[in-house]
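The values are calculated or read from the model by the stated rules, or taken from the named source; none is laboratory data. Because the structure is a prediction, the values reported are computed rather than measured. Here the Cβ positions follow ideal geometry from the backbone for every residue, glycine too, while neighbour counts run over all protein chains shown. Quick note on the areas: whole protein, heavy atoms, side chains included, nothing else; ligands and nucleic acids left out. Shrake-Rupley method; radii C 1.70, N 1.55, O 1.52, S 1.80 Å.
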Amino acid sequence: MAWLELNQIKHSVRDRTLFEIEHLTIEPGDRIGLVGTNGSGKTTLLNIIKGTIQPDTGTVIRQKSVSLLPQLRAAIGIKSGGEVTANTIISVLNEKAGILLADEPTTHLDVEHVEWLEKEISQYQGAYIIVSHDRDFLDKTCQQIWELDQEEIKVYSGNYSAFEEEKKRARKQQQISYEAYKKKERQLLQAAESKKSKADSITAESSHFYFRKKAQKLYKSAKSMESRMEQLEKVEKPSEPETIKMTLTNSGEFINKYIIRATDFSVQFPKKVLWKPSSFFIKGGEKVAIVGPNGSGKTTLLQHLINGSERIQKTPAVKIGYFAQDLSVLDQNKTILENVAEGSVQTETLIRIVLAQLLFKQADVHKSVRVLSGGERVKVALAKLILGDYNTLVLDEPTNFLDTQAIEALESLLSAYEGSVILVTHDRRIMNQFADKLLILENQQIETFAGTYAEYQLSGSNEEITTIEEELMRIENEIVAVLGKLSTAPSQDLEEQFEQLIAKKRVLNKKDQNK
């Protein structure tokens, strides 16, 4: 017997229909991920299932108790948002309801706590529905996806990756059907034009009854083909993102050059050490993710990278654009297009292409920012940043409050961006898709890892192969090689590489002394 049934549910908000659901059930042990664009009604549906909102029409039959973990937006008192979220999650899990509803439970959680929550949710004894923009989280916790799209819910078996594959197959099939439709349309059009052309030629050459009758038959045949064209079942062309090529400020003085160098950089407070002296560098064009638990200093590090520090050097060629959670870059009295175009060095065509990828299409770009939802404003702020007169983007949790479709669009835009990106996020999928370097804040140190977050996790699961002594030997050999090159063909890049090797050797020597 189903634990919960939704029958003939219809619900609207301010004359806009959110969804119509003929029949849906939650069965014992169901693990469901609920996805859809911002504003599609996911949170409203959870509240209808819980009973805190009554639908316009229809019935909800509950055979088991229902608990709801609501969205948590802000910190309370002296506790961080992550602490509040974790404590609330524990409280709701302890209710041990038959059906658990969780609305964006990973918001404010660092990666470590997200992985903790995955285990807790996976071991839940009842059924659950999770709304989340964290695709890896949905992959690890869900066995069924409900997609809320165009006022209805479509059910897919499997986790989020299986859902993505099914959507890709559907798009591919639509493309095949579209191409077949266009081919048939072209054939009929060409045949009709050919017959009309022959009829016109016959009519021009002779007015004899026989030829006139022959021309009429050709005209009639052409008309018949035009009718067949009109009767063809139309197939819409599947949407594909257009290629993006942005103008990058100071690209010649920037790409593959050292743009930020930190040497023995540390931050300490009277009662807390965020990190001891650490050294690292960032090159123009690198995609860097900053990883660390809540409270390790990720946002503090971003502020030092932006504002500068005695131990942080930035090349004059670098132009930093910063994504602020308060969205202060937006003028609420201006339209989407006006906000994004202001200060941009890109063409209006490219601006419109980027906005379309973020689902602001055609007349939507003329909407005032004032009337947009919170998620939509985040997308406008990100578009303004990506299209601005910058070559380095610094993003602090940019995916908060974005739906999965918007996150995938952002992921694509950041991958196509030729400048540098420095990113703080708990979204492991976005780190794995585009980050080629990690700055890891751990044990009061800033360590560098060349690779994706998945590769970093894999490296941590094995025994350490390289000892400090072996690493020191490798560094010494690199120093000798660089010195040899400097003696024959000195360059700024080689000098900077030499300085970085010396800094790394210094750090390793300290580790060796503290063993």
Can you give me the angle between helix 209-231 and the longest principal axis of the chain, using Cα atoms only, in degrees from 0 to 90, rounded to the nearest 10? 40 degrees
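For the chain, give the magnitude of the charge dipole about the Cα centre (Cβ charges: +1 Lys/Arg, -1 Asp/Glu; no others), in debye to the nearest 20. Mind dumping the intermediate values first?
Values: 67 positive and 72 negative charges, 407 e Å.
The dipole of the chain has a size of about 1960 debye.
Express the carbon and sulfur contribution to the solvent-accessible surface of the range 172-303 as a percent, rounded to the nearest whole number, probe 1.4 angstrom. Before the final figure, lay out the partial values.
Details: 4230 of 8440 Å².
Solvent-exposed carbon and sulfur of the range 172-303 make up 50 percent of the total.
Do the sum for the chain: with -39,500 (n - 2.57) for every DSSP H run of n ≥ 4, divided by all residues, what is the mean residue ellipticity at 222 nm, to the nearest 500 deg cm²/dmol? Mind dumping the intermediate values first?
On the way: 15 runs with 220 residues, N = 515.
Taken over the chain, the calculation gives -14000 deg cm²/dmol.
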Please report the carbon-and-sulfur percent of the accessible area for the range 1-137; probe 1.4 Å, protein heavy atoms only, DNA, RNA and ligands left out. 48 percent
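Probe of 1.4 angstrom, ligands and nucleic acids ignored: what's the accessible area per residue over the range 55-154, in square angstrom?
On a per-residue basis, the range 55-154 sits at 45 Å².
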Placing one identical point scatterer on every Cα of the range 252-365 and ignoring solvent, what is log10 I(q)/I(0) from the Debye formula at q = 0.10, 0.12, 0.15, 0.19 Å⁻¹? -0.46, -0.64, -0.88, -1.09
With axes computed from alpha carbons, what is the tilt in degrees of helix 348-357 against the longest principal axis of the chain, rounded to the nearest 10 within 0 to 90? 90 degrees
Less than 19 Å from a label point 7 Å out along the Cα-to-Cβ axis of Val235: which backbone N atoms in the range 175-215 qualify, by residue? 175-190
Let me know the charge dipole size of the range 39-169 about its Cα centre in debye, to the nearest 20, where only the beta-carbon of Lys, Arg (+1) and Asp, Glu (-1) is charged. 400 debye
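Could you work out how much longer the chain between Ile90 and Gln362 gets when fully extended? Use 0.36 nm per residue separation minus the Cα distance between them, nm to one decimal.
In short, 93.4 nm is gained.
Tell me, what % of the accessible area of the range 336-441 is carbon and sulfur with a 1.4 angstrom probe?
Details: 1550 of 3220 Å².
Answer for the range 336-441: carbon and sulfur cover 48 percent of the accessible area.
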Note: Tyr178 to Ile306 extended length (0.36 nm per residue) minus current alpha-carbon separation gives 41.2 nm
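Just order 45-55, 171-181, 192-202, 226-236 by mean Cβ neighbour count inside 10 Å, highest at the front, would you? Could the numbers behind the result be given before it?
On the way: 45-55: 18.1, 171-181: 13.1, 192-202: 16.0, 226-236: 11.4.
Top to bottom by mean Cβ count within 10 Å: 45-55, 192-202, 171-181, 226-236.
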Positive-end residue of Ser368, Ser197, Val378, charge dipole of the chain with Cβ unit charges: Ser197
Estimate the FRET efficiency between Phe498 and Lys319 by the formula 1/(1 + (r/R0)^6), using the beta-carbon distance for r and 22 Å for R0, to the nearest 0.05. 0.25
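Calculate, for Ser157 and Leu486, the FRET efficiency according to 1/(1 + (r/R0)^6) with r their C-beta to C-beta distance and R0 60 Å; round to the nearest 0.05.
Step by step, r from the Cβ atoms, then E = 0.50.
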Along the charge dipole of the range 216-313, Cβ charges K/R +1 and D/E -1, which of Gln303, Pro270, Pro238 sits furthest on the positive end? Pro270
Which of (i) 27.1; (ii) 24.1; (iii) 25.8 is the computed Kirkwood radius over Cα pairs in Å for the structure on display? (i)
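Tell me, what is the FRET efficiency for Gln444 and Glu338 to the nearest 0.05, using R0 = 41 angstrom and their Cβ-Cβ distance as r? Write out the running numbers ahead of the final one.
On the way: r = 46 Å, r/R0 = 1.12.
Taking R0 as 41 Å, the efficiency between Gln444 and Glu338 is 0.35.
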Keeping all protein chains in place and using 1.4 angstrom, which order do Asp110, Asp264 fall into by accessible surface area, from largest down? Asp264, Asp110
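Once Rh is set to the Kirkwood radius over Cα pairs, what Stokes-Einstein translational diffusion coefficient, in µm²/s, holds for the range 1-68 at a temperature of 37 °C and a viscosity of 0.692 mPa s?
On the way: Rh = 12.6 Å.
My calculation gives 261 µm²/s for D.
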Mean separation of Cα contacts under 8 Å (at least 6 apart) over the residue count of the range 286-419, i.e. the relative contact order in percent, is 32 percent
Listed peptides 155-167, 377-389 by packing density, highest first (mean Cβ within 10 Å): 377-389, 155-167
Using only the alpha-carbon atoms, how far is helix 298-307 inclined from the longest principal axis of the chain? Give it as 0 to 90 degrees, nearest 10. 90 degrees
Along Cα→Cβ, 7 Å out, is where each label goes; now give me the distance between the ones at Lys272 and Ile61 in nm to one decimal. 5.3 nm
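How much of the DSSP beta bridge set in the chain is antiparallel, as a percent to the nearest 5?
Antiparallel: roughly 55 percent of the beta bridges in the chain.
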